[in-house]
Amino acid sequence: MKTLKIAIQKSGRLNEKSVEILKNCGLSFENYKSSLIATVANFPLEILFLRDDDIPEYVQDGIADLGIVGENVIIEAGADVSYLQPLGFGKCTLKIAVQSTSNITELSQLNGKAIATSYPVILQKYLSENNVDAQIRNISGSVEIGPGLGLSDAIFDIVSTGGTLKSNGLKAFKNVMDSQAMLIASKGMELNPEVLELLQRIQSVLRAKA
Ligand code: PRT
Ligand code: ZN
């Protein structure tokens, strides 16, 4: 029997809930902060702990058979993977935001403007679909400080409570995409008996919580 590999986030917002859902499925494994890989004692499974950005590609390329990662990261990576199950945590919305004093009220007012983001692919697709021609500034983090520094006219970022927008003098202007953590599989692995067994266990954990 082939030992499956599942890639989850090593540290960050999705790590704890990803470990928890696997434990709740009855999987027994050690979870040391320093481990990059853990072997499950009672199921043919290894757990790889990775940066979330690397997970879609690992699963697409079959280095990992399964993964748990935010939908936003999958779409941004353009990864060709199978979506098995939304997991109900890591929920957020990707939004365009402007300074709270801004008079921008229509999407068309973003024409010719600069928008800072760490999600250029998702943003470009949305702008193209809406016939907006704006300049995308790709920044790897802290995009919220852009408008205050005059770096950009707007930002496109993940929002959950909205507290970060508010404390940086920004207001949400357009909701572009909702996201949550997703269980994904390499194409062709959906029908593997162990994958199906694990999926069933995850689904019953989710049902018990609902
Ligand atoms: O180190 P690694 O690369 O693995 O992690 P990371 O730093 O890239 O990601 P991480 O751990 O911050 O987030 C992982 C995933 O959690 C994201 O890809 C989203 O799918 C999801 N998620 C859910 C969020 C948030 N909620 C969220 N609030 N990701 C980021 N944020 C940020 C937001 O951008 C803002 O800057 O948290 C800040 C606080 O948000 P507010 O609105 O609550 O103030
Ligand atoms: Zn990341």
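Please state the relative contact order of the stretch 92-179 as a whole percent: Cα pairs under 8 Å, 6+ residues apart?
Numbers: 168 pairs, mean separation 42.9, N = 88.
49 percent.
Quick one: which of 180-189, 97-106 comes out on top by average Cβ neighbours within 10 Å, and what's the full order, highest first?
Going from most to least packed, we get 180-189, 97-106.
What aspartates and glutamates could a cross-link reach from Lys209, if we take a straight Cα to Cα line under 16 Å and drop same-chain neighbours fewer than 8 places away?
Cross-link targets: Glu20.
Would you grab the residues whose amide H sits under 5 Å from the one on Ile136? Only those 5+ places off in sequence or on another chain, please, with H modelled 1.01 Å from N.
For Ile136, the qualifying residues are Ile115.
Using the per-residue mean of other Cβ atoms lying within 10 Å as a proxy for protection, in what order, highest first, do the peptides 128-138, 5-15 fall? Numbers along the way, then the final one.
On the way: 128-138: 13.6, 5-15: 19.6.
Highest mean packing first, the order is 5-15, 128-138.
Would you compute the Debye intensity of the chain from its alpha-carbon atoms alone, equal scatterers and no solvent, and pass along log10 I(q)/I(0) at q = 0.08, 0.13, 0.14, 0.18 Å⁻¹ to two decimals?
-0.33, -0.76, -0.84, -1.15
Relative contact order of the chain: what whole-number percent is it, with Cα pairs under 8 angstrom and at least 6 residues apart? Provide the component values of the computation, followed by the final result.
Details: 402 pairs, mean separation 56.7, N = 210.
Relative contact order of the chain: 27 percent.
Whose amide H sits under 5 Å from the amide H of Leu4, counting only residues 5 or more places off or on another chain, with H placed in the peptide plane?
Long-range HN contacts for Leu4: Leu45, Glu46.
On a straight-distance basis, which aspartates and glutamates could pair with Lys23 in a cross-link, Cα separation under 18 angstrom, same-chain partners fewer than 8 positions away excluded?
The qualifying aspartates and glutamates are Glu46, Glu194, Glu197.
Which residue, Thr117, Thr93, Thr164, tops the fluctuation ranking in a GNM of the chain built on C-alpha contacts under 10 Å?
Thr164
Could you tell me how far the Cα centroid of the stretch 57-116 sits from the Cα centroid of the stretch 190-208, in Å?
Taking the Cα centre of each part, the stretch 190-208 and the stretch 57-116 sit 26 Å apart.
To make sure I understand the rule: partners must be aspartates and glutamates, Cα under 20 Å from the Cα of Lys174, and not fewer than 8 residues away in the same chain. Which ones qualify?
By straight Cα distance, Lys174 reaches Glu71, Glu76, Glu106, Glu129, Asp133, Glu144, Asp153, Asp157.
Please give me, ordered by residue number, the GluC sites (Glu not before Pro) of the stretch 16-91 that lie in loop per DSSP and have at most 13 other Cβ atoms within 10 Å. Kindly include the intermediate steps, with their values, before the conclusion.
Numbers: sites: Glu16, Glu20, Glu30, Glu46, Glu57, Glu71, Glu76; in loops: Glu30.
Answer by residue number: Glu30.
Just so you know, all these numbers are worked out from the coordinates, no wet-lab data involved. What you are looking at is a predicted structure, and each value in this text was computed from that prediction instead of being measured. Ideal geometry is used to build each Cβ from the backbone, glycine not excepted, and the neighbour counts take in all protein chains shown.
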